[in-house]
Amino acid sequence: MVNFGRIITAMVTPFKADGSVNYEVAAKLAAHLVDQGSDALVVCGTTGESPTLTWAEEYELFQSVQGAVAGKAKIIAGTGSNSTKEAIAATEKAAKLGLDGSLQVVPYYNKPPQAGLYNHFQAIAQACPELPLLLYNIPGRTGQNLLPETVVRLAEIPNIVGIKEASGNLDQVSQIRRSVPSEFAIYSGDDSLTLPTLAVGGNGVISVASHLVGLKLQKAIQAFENGQTQLAIEIHLQLFPLFKVLFCTTNPIPIKAALQLQGWEVGTTRPPLCDLPVEMHKNLEDVMIELSLL
């Protein structure tokens, strides 16, 4: 059974001044993230601005990151789509590159019912049986909630190995945990809900904040697992302002601004996303100074 670890960073996609992908910085950032506590990286997920990347850019990013961290961390390809046929084609190509897994988002905009969702993920899994798949439930972006009973059915498919749960609903996480095998991984999709998710049987987090505080997040999870609950709570509360400021507006606008403050040449976001407003930028800077991140 594949183990993606506790901290999976949903990695940003660096851009040059002309808006093209900066593959060199992507490789450097990937290596840095692994050195700073990431067990695995999601490449071309929501944080990686997948909606405005071409498939050709995505495949080149997969290979750049693979070259930088292969053997040191798992690489998970964001190859989901709201077209089942397109998701299968992209996932098959990721499998041929030898990546470690795929993150499959709930189809967005077309809002399939639960039967359609089941059929969608089942078809991708069957087309790529050798590649471990993580489901990704984020109803705030997709307009549809992947219900626990559907997740339970999907967990019976051998290469569907876990879920990124970003519904913000801990009852839903609890329902999934009590109904799926223990080896089925449940990752928080929200940094601020990592500790509560662990408390109801989760395995870790697919994180944005780990770009900045990966080692501290590892320390918090290890403390929780070792029964040092108070230490885990202390780290959670210390980092809580960062968790919130990184989502003061649409992700990944704040995290890219934060990385730029640290000197990373990740560029801005692609339209229709935009720059972080001045007041939010000041709040972000203040939080980073308080946490000695600048």
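At 1.4 Å probe radius, can you tell me the per residue accessible area of region 56-162 in Å²?
Solvent-accessible surface per residue comes out at 41 Å².
Once phi is turned into ³J(HN,Hα) by the Karplus curve 6.51 cos²θ - 1.76 cosθ + 1.60 with θ = phi - 60°, what whole-Hz value does each residue of region 153-168 show in order, with x for glycine and proline?
5, 5, 5, 6, 7, x, 9, 8, 10, x, 9, 9, 9, 10, 7, x
Counting only C-alpha contacts under 8 Å and six or more residues apart, can you give the relative contact order of region 170-214 as a whole percent?
In percent, rounded to a whole number, it is 38.
Give the carbon-plus-sulfur fraction of the accessible surface of region 131-194 in %, rounded to a whole number; probe 1.4 Å, heavy atoms of protein chains only.
46
Could you run the Debye sum over the Cα atoms of region 128-279, one equal point scatterer each and no solvent, and tell me log10 of I(q)/I(0) at q = 0.08, 0.11, 0.13, 0.16 Å⁻¹, two decimals?
-0.26, -0.49, -0.68, -0.97
Per residue, how much accessible surface does region 163-290 expose to a 1.4 Å probe? Answer in Å², no decimals. Don't skip to the end; give the middle numbers.
Details: 5740 Å² over 128 residues.
Spelled out: the 1.4 Å probe surface of region 163-290, per residue, equals 45 Å².
Rounded to the nearest 20 Debye, what is the dipole magnitude of region 193-294 about its Cα centre when Lys and Arg each give +1 and Asp and Glu each give -1 at the C-beta? Show your work: numbers first, answer last.
Values: 6 positive and 8 negative charges, 41 e Å.
In total the dipole reaches around 200 debye.
So what's the net charge close to Ala77: Lys and Arg +1, Asp and Glu -1, counting the other residues with Cβ under 15 Å from its Cβ?
Surrounding charge for Ala77 is -4.
Quick check for the chain: number of Lys pairs with alpha-carbon distance under 18 Å, counting only pairs 8 or more apart or on different chains?
15
Is the shape of region 1-85 rounded, prolate or oblate, going by the alpha carbon gyration tensor and its root eigenvalues a ≥ b ≥ c, with a/c under 1.5 for rounded and a/b larger than b/c for prolate?
Values: a/c = 1.94, a/b = 1.19, b/c = 1.64.
In terms of gyration-tensor shape, oblate.
Can you show me the helix-derived [θ] at 222 nm for the chain, built from DSSP H runs with n ≥ 4 at -39,500 (n - 2.57) apiece and divided by the number of residues, rounded to the nearest 500. Please report the intermediate quantities before stating the final value.
On the way: 12 runs with 137 residues, N = 294.
Here the helix-only value at 222 nm equals -14500 deg cm²/dmol.
Could you tell me how far the Cα centroid of region 1-69 sits from the Cα centroid of region 210-288, in Å?
Computed from Cα coordinates, the inter-centre distance equals 17 Å.
How much of the accessible area of region 219-273, probe 1.4 Å, is carbon plus sulfur, in whole percent?
Carbon plus sulfur share of accessible area: 54 percent.
Rounded to a whole number, what % of the accessible area of region 67-128 do carbon and sulfur atoms account for, probe 1.4 Å?
About 51 percent, which is the carbon plus sulfur part of the accessible surface.
The values are calculated or read from the model by the stated rules, or taken from the named source; none is laboratory data. Because the structure is predicted, anything quoted here is derived from the model rather than measured. We place every Cβ from the backbone using ideal geometry, glycine too, and count neighbours over all the protein chains shown. Just so you know, the surface numbers come from the protein's heavy atoms only, side chains and all, with ligands and any DNA or RNA stripped out. Shrake-Rupley method; radii C 1.70, N 1.55, O 1.52, S 1.80 Å.
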